[in-house]
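Enquirer: Would you mind keeping the following structure in view while I ask a few things?
The values are calculated or read from the model by the stated rules, or taken from the named source; none is laboratory data. Every value quoted in this text rests on a predicted model; they were computed, and no experiment measured them. Cβ: placed from backbone, ideal geometry, glycine included. Neighbour counts: every protein chain shown. These area figures cover heavy atoms from the full protein model, side chains too; ligands, DNA and RNA do not enter into them. Shrake-Rupley method; radii C 1.70, N 1.55, O 1.52, S 1.80 Å.
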Amino acid sequence: MERIPISGPWITEKEIAYVTDAVTNAWYANANSYHARFEQAFAAYIGVHHAISLPSCTSAIHLSLLSLGIGPGDEVIVPDITWIASAAPVSYVGATPVFADVDRETWCLSASSFEACLTPRTKAVIPVDLYGNVSDMDAIRGVALANRVAIVEDAAQAIGSEFKGRKAGSFGDTGVFSFHGSKTLTTGEGGMLVTDRDDIFRRALVLRDHGRQPGDTMFFNAEVAYKYKMSSLQAALGLAQLERIEELVARKREIFSWYQQHLASLDRLQMNHEATGTRNTFWMVTVILDPRMGLRKETVMAQMNERGIQCRPFFHPLSSLPAYNHSEQARMARERNRTSYRLSPYGVNLPSGLNMTQSKVKFVCDALKEILNRRVLTRASREEVP
Ligand SMILES: Cc1ncc(COP(=O)(O)O)c(C=O)c1O
């Protein structure tokens, strides 16, 4: 039986041609030609002035925080529901992550929880565009601007998504993207930092190249910094994917619509939300089961796995992870973040790779329905026993 993987890219002859060209020609005087083309095209697509290609989105968040001057003694607010990469760089720079709750519909950072978490030490917020959705950027920006808090928009999962006609990733002091192999646009591994701020752009360029000025040929380092660069082969792959971005996004949306169609008969499911004025690119099609069914994500994943279907757990609240056991902020978050703790145990990501077909989606949905129906029947028959 062929297994259905959780995620994966869509690679065509175009990508193969660009990478072949890069490995053949992108050396000597042409060594940076694909970086320049990828970065310019990316900035134009997102609608910002600057884009810097990087080895990962994690490094883009790290450079964002460093360029904003964030360090020990500062607090940075992150949503409790996200991949740890959104928060880990806060610790890299010696600052403290503060875990705010998420909105029950969008599953992105709740503006009211963000506001409630502010202290005089808050220097930045990292709203995360979860699973391809976009946070309510009017509300988040309102709170941030009123309190002089910088925004690093984590659009790792949301290339092509929009809020009121503007692209995800363009709402902050910086925006960051991931091109990991599971993402809608992939370079295998890779990332991008975008910004409209010239000062951040200049600072990030120095920090990502061992503390030397761009164009320095004397190997003269003004400070100890980092080596965060993408290879030209990755940049070539990224450029080819970017030139196909609308096709990739349209396929993601189509996959979601197939799931919607095949799961329409189930009324005890919450799926990815798309608010009016938002374009969700549905990086991961996700279902949250009604807790009253008593089926936790681990059980559903195990049963789907038995049927050859790979699923992923909805993110665990960061504040629940052993990584943050020592943290007083995590203890407070565990008491405060009701929505995160209500959603997470019952959330499952369904296969969302760009190679999904309607018949595979139907197979996944039939399996899920069978698991849910069996649960309902087992419970019903148990309840009949006197
Ligand atoms: C929300 C979020 N932020 C950051 C990252 C980090 O991306 P990368 O793996 O490219 O460092 C990811 C990766 O999956 C992510 O999902």
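Enquirer: Within 14 Å of the ligand (Cβ to nearest atom), touching a Gly at 6+ places or on another chain (Cβ under 9 Å) and among the acidic types (Asp, Glu): is that true of Glu153 in this structure? Explain how you work it out, then say what you get.
Expert: Details: within 14 Å of the ligand (Cβ to nearest atom): yes; touching a Gly at 6+ places or on another chain (Cβ under 9 Å): yes; among the acidic types (Asp, Glu): yes.
Yes.
Enquirer: Considering only residues that are open to solvent by less than 10 Å² (accessible area, probe 1.4 Å), over 20 Å from Ala95 (Cα atoms) and part of a helix (DSSP H, G or I), which ones fall in the range 325-342? Can you show your working first?
Expert: Of all residues in the range 325-342, those open to solvent by less than 10 Å² (accessible area, probe 1.4 Å) come to 330, 333, 337, 340.
Retained after the next criterion (residues that are over 20 Å from Ala95 (Cα atoms)): 337, 340.
Selection gives Ser340 alone.
Enquirer: Another one. Output the qualifying pairs, or none if there are none: Cβ atoms under 7 angstrom, residues six or more apart or on different chains, first residue in the range 53-66 and within 9 Å of the ligand (Cβ to nearest atom), second residue open to solvent by less than 10 Å² (accessible area, probe 1.4 Å) and polar (S, T, N, Q).
Expert: That search, which allows pairs on different chains as well, returns Ile61/Ser86.
Enquirer: (1) among the polar types (S, T, N, Q); (2) modelled with pLDDT under 95; (3) farther than 30 Å from Pro291 by Cα: which one isn't true of Ser265, the others all being true?
Expert: So the condition that Ser265 fails would be (3).
Enquirer: Further question: Could you go through the range 122-140 and let me know if any residue there is within 14 Å of Val78 (Cα to Cα), assigned to a helix (DSSP H, G or I), away from the ligand (no atom under 14 Å from the Cβ) and in contact with a helix residue (DSSP H, G or I) (Cβ under 8 Å, 6 or more places away or on another chain). Explain how you work it out, then say what you get.
Expert: Applying the first criterion (within 14 Å of Val78 (Cα to Cα)) to the range 122-140 yields 122-130, 135, 140.
Those still in the list that are assigned to a helix (DSSP H, G or I) too: 130, 140.
Narrowing further to those that are away from the ligand (no atom under 14 Å from the Cβ): 140.
The next check asks that each one be in contact with a helix residue (DSSP H, G or I) (Cβ under 8 Å, 6 or more places away or on another chain); those that pass are 140.
Yes; the residues of the range 122-140 include at least one that is within 14 Å of Val78 (Cα to Cα), assigned to a helix (DSSP H, G or I), away from the ligand (no atom under 14 Å from the Cβ) and in contact with a helix residue (DSSP H, G or I) (Cβ under 8 Å, 6 or more places away or on another chain).
Enquirer: Among the numbered criteria (1) among the acidic types (Asp, Glu); (2) open to solvent by less than 40 Å² (accessible area, probe 1.4 Å); (3) farther than 17 Å from Val152 by Cβ, which one does Asp103 miss?
Expert: Of everything listed in (1) among the acidic types (Asp, Glu); (2) open to solvent by less than 40 Å² (accessible area, probe 1.4 Å); (3) farther than 17 Å from Val152 by Cβ, Asp103 misses just condition (2).
Enquirer: Please find, among Thr195, Thr187, the residue that is in contact (Cβ under 8 Å) with a residue 40 or more places away in the chain, open to solvent by less than 20 Å² (accessible area, probe 1.4 Å), among the polar types (S, T, N, Q) and under 23 Å from Ala236 (Cβ atoms).
Expert: Details: Thr195 fails: under 23 Å from Ala236 (Cβ atoms).
Testing whether each residue is in contact (Cβ under 8 Å) with a residue 40 or more places away in the chain, open to solvent by less than 20 Å² (accessible area, probe 1.4 Å), among the polar types (S, T, N, Q) and under 23 Å from Ala236 (Cβ atoms) leaves just Thr187.
Enquirer: Shifting gears a bit: Any residue that is modelled with pLDDT of 95 or more, in contact with a Cys (Cβ under 6 Å, 6 or more places away or on another chain) and small (Gly, Ala, Ser) - is there at least one of those in the range 204-223?
Expert: No - not one qualifying residue is present in the range 204-223.
Enquirer: Restricting attention to the range 186-203, report how many residues are within 16 Å of the ligand (Cβ to nearest atom) and assigned to a loop (DSSP other than H, G, I, E, B). Step through it out loud before you land on a result.
Expert: Our first condition is that a residue be within 16 Å of the ligand (Cβ to nearest atom); within the range 186-203, this holds for 186-194.
Checking the rest, the ones that are also assigned to a loop (DSSP other than H, G, I, E, B) come to 186-187, 189-190.
Matching residues across the range 186-203 total 4.
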